[in-house]
Amino acid sequence: MPGNSFGQFFRVTTWGESHGPALGAVIDGCPPRLPLTEQVIQEALDKRRPGKGGAAETTRKEPDRVEILSGVFEGLTTGTPISLMIRNRDARSRSYDHIKDIFRPGHGDYTYLKRFGIRDYRGGGRSSGRETAARVAAGAVAQLVLDLAGIRVHAYTISLGGVHAEVRDLERVNENRLFCPDTKAAERMEERVVEAKKAGDSLGGIVEIRAEGVPAGLGDPVFDKLDAEIAGAIMSIGAVKGVEIGSGFRAAESTGSKNNDPIRPEGFLSNNAGGILAGISNGEPLVARAAVKPIPSIRIEQDTIDTAGQPVKLSVKGRHDVSAIPRIVPVMKAMMQLVLADALLRRFSMEITDNCKLIKDRDNGRLV
Ligand SMILES: Cc1cc2nc3c(=O)[nH]c(=O)nc-3n(C[C@H](O)[C@H](O)[C@H](O)COP(=O)(O)O)c2cc1C
């Protein structure tokens, strides 16, 4: 099955199913001599782990312990493939028996069977949200590359179930379970989640991703534009149905005089471009937003068909999230980290010696 690898110079392949023995990632192209421990990856994984986000989440209890199988020696990356594994500990496959021959509306059941002629119905196999644990693990490794350039990536919830964050206080993001920068809005979001859960329904929302410290000049022309790569990376996450960069869809209703970001000798006066012009970073923060649809597996009964094409009514049982938010938030961050690590390594070669880092422009060999 193609389609499981991402990136050119920092190349990540994820593998494994939601109800198999384990899942993981293989990273090829990570520079040598970067400090990497399981703890560094674990901290990122703990943010995505099921059972952390309160009422919004599945009751599946996964410790999500990462094991580094290769590519690290004495706490440093060796430049060889880094293999990461996370064992599935709490997969209760029997609870999927009732959908064995039935397509869940909104999920990948119908299309996976059409594509492959076989499907792992236990939790959705590769189309499960659980696959994203491997991306988060890989994103933590990508951050080591970003650290060399001083890039920080933030992701947070700005809307859930129709409740919108009015403020963007990034200090508050890790203080509530929904990763919302507006504490008051987070409380109202929690209430919406509890209501939806009671009703057997699910909710969607919007996540904003912001990368700071991105130097001007990252990204390539035409097909490898930075915004195209970010959109593709974010869209590759299950349940994401829309991506915008900067002013995004609002730009369509604006005017050139309002939407352009005027430039003065001291810099850009606004950031409607979301940090990207002509597919290349302009030195401003990168800002993207993703629309996340409501979770497809719901208790409310819906019409569907079975694999013989017969109409059936389906109420999905088992342990499901009420919303992909908040667990999708660390996944969004990870995908931005992967895009930027790849873009950085395409532009610069990075060599780390005992006492310094050498960053060289690949186009002209100049030291940065
Ligand atoms: C972190 C995360 C958790 C998810 N949890 C669930 C879940 O518990 N139940 C479910 O039906 N879908 C869940 N999804 C959504 C499905 O994976 C997704 O809707 C499905 O693969 C169909 O793909 P599409 O929505 O991109 O078209 C989750 C997605 C993510 C990213």
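The values are calculated or read from the model by the stated rules, or taken from the named source; none is laboratory data. All values reported here derive from a predicted model rather than from experimental measurement. Reconstructed Cβ throughout: ideal geometry from the backbone, glycine too, with neighbour counts over all protein chains shown. Side chains included, ligands, DNA and RNA excluded: accessible areas come from the protein's heavy atoms. Shrake-Rupley method; radii C 1.70, N 1.55, O 1.52, S 1.80 Å.
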Review point. Which residues, counting only those in segment 194-223, are more than 13 Å from the ligand (Cβ to nearest atom), open to solvent by less than 60 Å² (accessible area, probe 1.4 Å) and touching a helix residue (DSSP H, G or I) at 6+ places or on another chain (Cβ under 8 Å)?
Key: Ile209, Ala211, Gly213, Val214, Pro215, Gly217, Leu218, Gly219, Asp220
**Study point:** Of all residues in segment 324-336 being open to solvent by less than 10 Å² (accessible area, probe 1.4 Å) and touching a helix residue (DSSP H, G or I) at 6+ places or on another chain (Cβ under 7 Å), the one that is nearest to the ligand (Cβ to nearest atom)
**Key:** Val331
Check your understanding: Restricting the search to segment 266-297, which residues are open to solvent by 20 Å² or more (accessible area, probe 1.4 Å) and within 30 Å of Tyr96 (Cα to Cα)?
Key -> Ala291, Lys293, Pro294, Ile295, Pro296
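Would you call Val136 away from the ligand (no atom under 12 Å from the Cβ), of a type in the set (A, V, I, L, M) and crowded, with 21+ Cβ neighbours inside 10 Å? Can you show your working first?
Numbers: away from the ligand (no atom under 12 Å from the Cβ): no; of a type in the set (A, V, I, L, M): yes; crowded, with 21+ Cβ neighbours inside 10 Å: yes.
Here the answer is no, as Val136 does not meet what is asked.
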Study note, to complete from the structure: When segment 208-242 is checked residue by residue, the ones that are more than 24 Å from Asp321 (Cα to Cα) and in a strand (DSSP E or B) are Arg210, Ala211, Glu212
Point to revise | Among the candidates Ile118, Ile102, residue that is more than 12 Å from the ligand (Cβ to nearest atom) and either surrounded by 20 or more Cβ atoms within 10 Å (Cβ to Cβ) or over 19 Å from Gly16 (Cβ atoms) (or both) | key: Ile102
Exercise for review: Please identify the pairs in which a residue from segment 60-86 that is farther than 15 Å from Ile352 by Cβ has its Cβ atom under 7 Å from the Cβ atom of a residue that is of a type in the set (Lys, Arg) and open to solvent by less than 30 Å² (accessible area, probe 1.4 Å), counting only partners at least 6 apart or on another chain.
Suggested key: none
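Might you let me know whether segment 250-267 holds any residue that is among the acidic types (Asp, Glu) and closer than 21 Å to Thr111 by Cβ? First the steps, then the outcome.
Quick first cut of segment 250-267, residues among the acidic types (Asp, Glu) only: 253, 261, 266.
Adding the requirement that they be closer than 21 Å to Thr111 by Cβ leaves none.
For segment 250-267, residues among the acidic types (Asp, Glu) and closer than 21 Å to Thr111 by Cβ: absent.
Please indicate, with yes or no, whether at least one residue in segment 47-59 is modelled with pLDDT of 90 or more and either farther than 30 Å from Ala196 by Cα or in contact with a helix residue (DSSP H, G or I) (Cβ under 8 Å, 6 or more places away or on another chain) (or both).
Scanning segment 47-59 turns up at least one residue that is modelled with pLDDT of 90 or more and either farther than 30 Å from Ala196 by Cα or in contact with a helix residue (DSSP H, G or I) (Cβ under 8 Å, 6 or more places away or on another chain) (or both).
In this structure, is Tyr112 within 13 Å of the ligand (Cβ to nearest atom), under 22 Å from the mean Cα position of the chain (by Cα) and in a helix (DSSP H, G or I)?
Values: within 13 Å of the ligand (Cβ to nearest atom): yes; under 22 Å from the mean Cα position of the chain (by Cα): yes; in a helix (DSSP H, G or I): yes.
Yes, satisfied.
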Exercise for review: Return the residue satisfying two criteria in turn: it lies in segment 141-153 and is in contact with a helix residue (DSSP H, G or I) (Cβ under 7 Å, 6 or more places away or on another chain) and open to solvent by 10 Å² or more (accessible area, probe 1.4 Å), and of such residues it is farthest from the ligand (Cβ to nearest atom).
Suggested key: Ala149
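I'd like to know if segment 159-171 contains one or more residues that are of a type in the set (Gly, Ala, Ser) and within 29 Å of Arg89 (Cβ to Cβ). It would help to see each step written out before you state the result.
Start the filter on segment 159-171 by keeping residues that are of a type in the set (Gly, Ala, Ser), which leaves 159, 161-162, 165.
So of that shortlist, the ones also within 29 Å of Arg89 (Cβ to Cβ) come out as none.
No: zero hits.
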Revision key, fill the gap. Every listed condition ((1) part of a helix (DSSP H, G or I); (2) in contact with a His (Cβ under 6 Å, 6 or more places away or on another chain)) holds for Arg122 save (1)
Point to revise | Subset tally (residues that are open to solvent by 10 Å² or more (accessible area, probe 1.4 Å) and more than 22 Å from the chain's Cα centre (by Cα)) for segment 180-193 | key: 6
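Look at Lys317 and say whether it is more than 16 Å from the ligand (Cβ to nearest atom), touching a residue at least 24 places away in the same chain (Cβ under 8 Å), of a type in the set (D, E, K, R) and surrounded by fewer than 24 Cβ atoms within 10 Å (Cβ to Cβ).
Working: more than 16 Å from the ligand (Cβ to nearest atom): no; touching a residue at least 24 places away in the same chain (Cβ under 8 Å): yes; of a type in the set (D, E, K, R): yes; surrounded by fewer than 24 Cβ atoms within 10 Å (Cβ to Cβ): yes.
No: the conditions fail for Lys317.
Can you name every residue in segment 154-179 that is closer than 16 Å to Val331 by Cα and either buried (at least 23 other Cβ atoms within 10 Å of the Cβ) or of a type in the set (D, E, K, R) (or both)? Spell out the reasoning first.
The first filter runs over segment 154-179 and keeps only residues closer than 16 Å to Val331 by Cα, leaving 154-158, 173-174, 177-179.
Across segment 154-179, the qualifying residues are Ala155, Tyr156, Thr157, Arg177, Leu178, Phe179.
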